[in-house]
Amino acid sequence: MKRFIAPILVILLLTLFCACGKPATNTNSIISVPTGNVDNATRTQQTTPANTDAPAVVDNIRGGDFNSCAAFYKGMTDALTTYVDVAIGANNERIMDSNPSGYESDPAYLPIIYAPFASGNLDFFATLGSTTEEVKAAIEEIGFFNVEYDRNSNGEHSVRYCDEDDSGEVITIEERAAYQNSSIRFERIENGRTVEFSEFVWLGGDMYALQNMSERAIIEYDGKMIKRFTHAQNRFSHESEETGDPYAWSVKNAPDTDSIWGRTDMDEAWVLQKSAVNGIYMVFELNYGTLNISGYKQIGSDENAEFETMEQITIEG
């Protein structure tokens, strides 16, 4: 049984998608990505039903349980992806048109794939049903075995199951998910070791903090449009083949010591905190129509990769 929906597969799929054509070139306005029939002004209150994740106050924008809240955050990261992809595509197309034979040497040319906070594992978890029978059926259908599922009224879920790698070795997998106050947390553990975690935290109003092992962001999002954000990506480690760890970073955000669960004090300084130890790879900052990109360009790949400081690129919206 092949291991399920690894983040590397997600990136490869995004790479293939982005390679199918040039992005649109209109960057004259903030990108708006619909997230369904969302009414930013509509709020409802209800008492907490028994044995559900719903809080006493249900927010129709972010949803009242893990699955609906995860869908909201996916809409946010999709909007973030679209905005940056369109802006970079327009920037690159302008450079290619002005210098067809030498555009790759232009310091403002950015041959990157932007895929923030992608997690196929989290996306799949958010599609699972609410009963033990539904969850077990969905996971066993894929080919996993020894499935166990726990759920409590505090918005916490966990599912445990087993898989086999290509050599026939059994891998024990546990995935933990939690919902509280329009925020979600997801952690994946393989053979007792955390290999993935994501935290999406509502800070109040239209402000959100996002974090996984290799990224942090503060985003202003009204349910339809990205207005401003600061997003930092940590520098990749190239020791994965030696360590067997495809989730290794030279500087990573740890799920225990760096957790933001239950906090609301995160800001732009928190996003850039890892730069103090030279761990930042790239920084993307949008401020009401002006996108700034800074950090390092990766030269080469694998163990031969080097990082060169890049000039800040400013793209006006």
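The values are calculated or read from the model by the stated rules, or taken from the named source; none is laboratory data. These numbers were taken from a predicted model, which means no experiment stands behind them. Don't worry about glycine lacking a Cβ; one is built from the backbone with ideal geometry, like all the others, and counts go over all protein chains shown.
Being of a type in the set (A, V, I, L, M) and within 27 Å of ALA209 (Cα to Cα) is true for just one of VAL159, VAL135, VAL170, VAL147. Which residue is that?
On the way: VAL135 fails: within 27 Å of ALA209 (Cα to Cα); VAL170 fails: within 27 Å of ALA209 (Cα to Cα); VAL147 fails: within 27 Å of ALA209 (Cα to Cα).
Of the residues listed, the single one that is of a type in the set (A, V, I, L, M) and within 27 Å of ALA209 (Cα to Cα) is VAL159.
If I filter the stretch 191-227 down to residues being touching a residue at least 40 places away in the same chain (Cβ under 8 Å) and not in a strand (DSSP E or B), which single residue comes out as nearest to ILE280 (Cα to Cα)? Quick ask: steps written out before the conclusion?
Within the stretch 191-227, the first condition is being touching a residue at least 40 places away in the same chain (Cβ under 8 Å), and the residues that meet it are 194-204, 208-213, 215-219, 221-227.
Adding the requirement that they be not in a strand (DSSP E or B) leaves 213, 222-224.
Values: MET213: 12, ASP222: 28, GLY223: 28, LYS224: 29 Å.
Taking the candidates together, the pick is MET213.
Of all residues in the stretch 192-200, at least one satisfies being polar (S, T, N, Q), surrounded by fewer than 17 Cβ atoms within 10 Å (Cβ to Cβ) and either at pLDDT below 95 or closer than 17 Å to ALA118 by Cα (or both). Here is the figure for the stretch 164-190: residues that are surrounded by fewer than 19 Cβ atoms within 10 Å (Cβ to Cβ) and outside any strand (DSSP E or B) total 6.
Which ones in the stretch 136-152 are part of a strand (DSSP E or B) and among the charged types (D, E, K, R)? Walk me through it before giving the result.
First, the residues of the stretch 136-152 that are part of a strand (DSSP E or B): 145-151.
Correct list: GLU148, ASP150, ARG151.
When PHE124 is tested against (1) without any contact (Cβ under 8 Å) to a residue 60 or more places away in the chain; (2) of a type outside the set (A, V, I, L, M); (3) over 16 Å from GLU311 (Cα atoms), only condition (1) is not met.
For the stretch 125-134, the criterion of being crowded, with 19+ Cβ neighbours inside 10 Å and in a helix (DSSP H, G or I) is met by at least one residue. Quick check on the stretch 163-179. Is at least one of its residues in contact with a helix residue (DSSP H, G or I) (Cβ under 8 Å, 6 or more places away or on another chain), of a type in the set (Ser, Thr, Tyr) and within 21 Å of ASP258 (Cα to Cα)? Taking every residue of the stretch 163-179 in turn, at least one turns out to be in contact with a helix residue (DSSP H, G or I) (Cβ under 8 Å, 6 or more places away or on another chain), of a type in the set (Ser, Thr, Tyr) and within 21 Å of ASP258 (Cα to Cα).
Applying the selection to the stretch 160-174, what residues are touching a Cys at 6+ places or on another chain (Cβ under 8 Å) and within 12 Å of ILE189 (Cα to Cα)?
Of the stretch 160-174, the ones touching a Cys at 6+ places or on another chain (Cβ under 8 Å) are 170-173.
Across the stretch 160-174, the qualifying residues are ILE171, THR172, ILE173.
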